[in-house]
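Structure first, then comments.
The values are calculated or read from the model by the stated rules, or taken from the named source; none is laboratory data. Just so it is clear, the model here is predicted, and its values are computed rather than measured. Glycine gets a Cβ as well: all are built from the backbone with ideal geometry, and neighbour counts include every protein chain shown.
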Amino acid sequence: MLNLLIKNGLILDGCGNPGFFGTVAVEGDSIHILRGDASDLRTKRTIDATGKVVSPGFIDVHSHSALTILADPRHEPKVHQGVTTELIGIDGNSYAPFPSEKEFRRFLRYNSGLDGDPDVKVSWSSVSDYLAMYDKKVAVNIAYIVGNSPLRIGAVGWQKKQATKAQLQNMKALLREAMEDGAFGMSTGLDYPPGRFADTDELVALSGEVTRLGGFYHTHSRYWYGDRYLDPFKEAIEIGRRSGVPVHITHMFRRVTNPGGARPILGLVESARDEGLDVTFDCFPYAYGGTRIIIVFPEWAQNEGPEKLLDVLRSPDARERLRNEVKPRGLTWDEMWLTYFKRPKNKKYEGKSVSQVAEMRKQHPVDALCDLLVEEELRVSYFAAVIDPLTINDFVTHPLFMVGSDALLLGDFPPPMAYGCYPVILGEIVREEKKLSLPDAVRRMTSYPAQRLGLRDRGVLRDGMKADLVVFDPRTIKANAARSNTRQRSTGVEYVVINGQVVIDNGQHTGALPGRALKRGRVSARP
Ligand SMILES: [Zn+2]
């Protein structure tokens, strides 16, 4: 007997094709597509999807949920948007492999303003053990990519220095092991130490190994590099050209600090493709970006790991220098809103700008940040309007665009994409502004990211594919999160099925945790 029939819905197969009316049958963890009358079929349950769209579950290629989902496996903010698979390990920051629990804890502390530091029991050393932490223990599927920061920590250490030949060999060995254990490739976040200390040659060498093993290179580009506009993306493409690796540029945008428009950036990826390179990108439809606030501190303060950074923040002599050097990244302190405070006395700063916090504390903004980071042991996240709103359209309607949310699920004021990224696209960009057709928008959340990852059994509705499904109302789907009120659940996603199990049932989370740890399909390595 079938588990579930979803009848009368408009089926979008995820490939961008126009929809058709039919029935999706769920048997075990996979689907069949039925045409015509399915009334003779015996099933445990039927969902009537009249007036609704049935599509593959959404795949987020830039997820910061690696740790938060271990602490809160129901993962409501994302599942209510229709997300069924999360790619974690992005920005060069993955949580495996680590040589020791001590190094893991140091990394967790250092990166806490970006990915959080929930109280999770660390019971892994290998990537394989790490992935087992998610398998059938969280709501959504987890795909993992290995970050070059842990590779560097394992082989070189935290310092800013060039890797020796032997250290490079060690990094390659760690990378190989991670990919043999299921990693889909390698990520970098070239703003973030210690991964940012890798030069182009090192990244080419590592990417060569990724290519050999059939993975891809997922990069948060080196935004501070060269002209700080096109040069960071040119470096990413150069790494693809020299190593043969498929390149995925994550959160690609025209930043408010860039000297030129969107066209030259998009032109770079177009000409790379014309040249025969495999280059894709993701972004999200918001003008906001968020990360850990320690990103505004100079490299010399951060080049030896969390203890050194805390020493610098505490030192009166260093303070003097920091007041001159720490700048709000091309913005003003008024435009950077802080979140993720754990100390009760600091909760009052949630959602306030750096200027407001400085005023409340009667301090220079840099002193306020230094003291708060010491009190919060480097936590503290922020988001800011870093992206030129007038160019977002150029990116999200571009043929090479896929969706990556970059959603930070931290604090009381997370950036609004944490709760609204997918519904904003379906509700505003598709329905209200008509800038993308519905089948095309769904394709950019489903089959296209699945193809980038190399997932062969998800992202498309076709017989035998895994039962990751979303049923949403295209007339009502809506993001309710806004800048001033960010933790608002979206509406319009009525059912979400993951591996055949109903996780959102008539708009309510069932508590089911059917997510799997997905692994890169085996490919025979080229000699
Ligand atoms: Zn990033």
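Observations, loosely collected:
- Subset of the stretch 181-202 (residues that are more than 16 Å from the ligand (Cβ to nearest atom) and either of a type in the set (Asp, Glu) or over 21 Å from residue 127 (Cα atoms) (or both)): 181, 197, 199, 200, 201, 202
- A residue that is at pLDDT below 95, outside the structural domain of residue 277 (by TED's automatic domain parsing) and either loosely packed, with under 15 Cβ neighbours inside 10 Å or in contact with a helix residue (DSSP H, G or I) (Cβ under 8 Å, 6 or more places away or on another chain) (or both) occurs nowhere in the stretch 432-453.
- Residues being within 19 Å of the chain's Cα centre (by Cα) and farther than 18 Å from residue 129 by Cα - total across the stretch 141-164: 2
- With respect to the conditions (1) within 16 Å of the ligand (Cβ to nearest atom); (2) in a loop (DSSP other than H, G, I, E, B), residue 113 falls short on a single one, namely (2).
- Restricting the stretch 228-264 to residues that are of a type in the set (A, V, I, L, M) and touching a strand residue (DSSP E or B) at 6+ places or on another chain (Cβ under 9 Å) leaves a set whose member that is farthest from residue 199 (Cα to Cα) is 256.
- Only one of the numbered conditions (1) farther than 30 Å from residue 278 by Cα; (2) surrounded by fewer than 24 Cβ atoms within 10 Å (Cβ to Cβ) is violated by residue 395, and that is (1).
- Among the residues making up the stretch 33-52, a single one is within 32 Å of the chain's Cα centre (by Cα) and surrounded by fewer than 16 Cβ atoms within 10 Å (Cβ to Cβ): 51.
- Single residue of 368, 385, 358 found to be free of Cβ contacts under 8 Å to residues at least 24 places away in the same chain and of a type in the set (A, V, I, L, M, F, W, C): 368
- Tally of residues being more than 13 Å from residue 280 (Cβ to Cβ), more than 16 Å from the ligand (Cβ to nearest atom) and not small (Gly, Ala, Ser) across the stretch 237-257: 5
- For the stretch 355-400, the candidate set comprises residues that are among the acidic types (Asp, Glu) and outside any loop (DSSP other than H, G, I, E, B); within that set, the residue that is nearest to residue 109 (Cα to Cα) is 375.
- Helices (runs of 4 or more DSSP H) within the stretch 291-346 that include 3 or more residues within 16 Å of the ligand (Cβ to nearest atom) and crowded, with 19+ Cβ neighbours inside 10 Å: none
- Selection from the stretch 130-157 of residues that are outside any loop (DSSP other than H, G, I, E, B) and more than 30 Å from residue 469 (Cβ to Cβ): 147, 148, 149, 150, 151, 152, 153, 154, 155
- Residue-level check: of (1) within 14 Å of the ligand (Cβ to nearest atom); (2) under 17 Å from residue 402 (Cβ atoms); (3) touching a Pro at 6+ places or on another chain (Cβ under 7 Å), residue 219 misses just (3).
- Residues in the stretch 4-31 that are more than 27 Å from residue 436 (Cα to Cα) and buried (at least 19 other Cβ atoms within 10 Å of the Cβ): 4, 5, 25, 26, 31.
- Condition met for residue 482 (out of contact with any helix residue (DSSP H, G or I) (no Cβ under 8 Å at 6 or more places or on another chain) and under 23 Å from residue 251 (Cβ atoms)): yes
- Evaluated against (1) farther than 30 Å from residue 251 by Cα; (2) out of contact with any Asp or Glu (no Cβ under 8 Å at 6 or more places or on another chain); (3) crowded, with 16+ Cβ neighbours inside 10 Å, residue 357 falls short on exactly one condition, (1).
Each row is one residue, and each column tells you yes or no for (1) more than 16 Å from the ligand (Cβ to nearest atom); (2) in the same structural domain as residue 326 (by TED's automatic domain parsing); (3) in contact with a Pro (Cβ under 7 Å, 6 or more places away or on another chain); (4) of a type in the set (A, V, I, L, M).
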site: 371; (1), (2), (3), (4): yes, yes, no, no
site: 376; (1), (2), (3), (4): yes, yes, no, no
site: 380; (1), (2), (3), (4): yes, yes, no, yes
site: 395; (1), (2), (3), (4): no, no, no, no
site: 398; (1), (2), (3), (4): yes, no, no, no
site: 406; (1), (2), (3), (4): no, no, no, no
site: 415; (1), (2), (3), (4): no, no, no, no
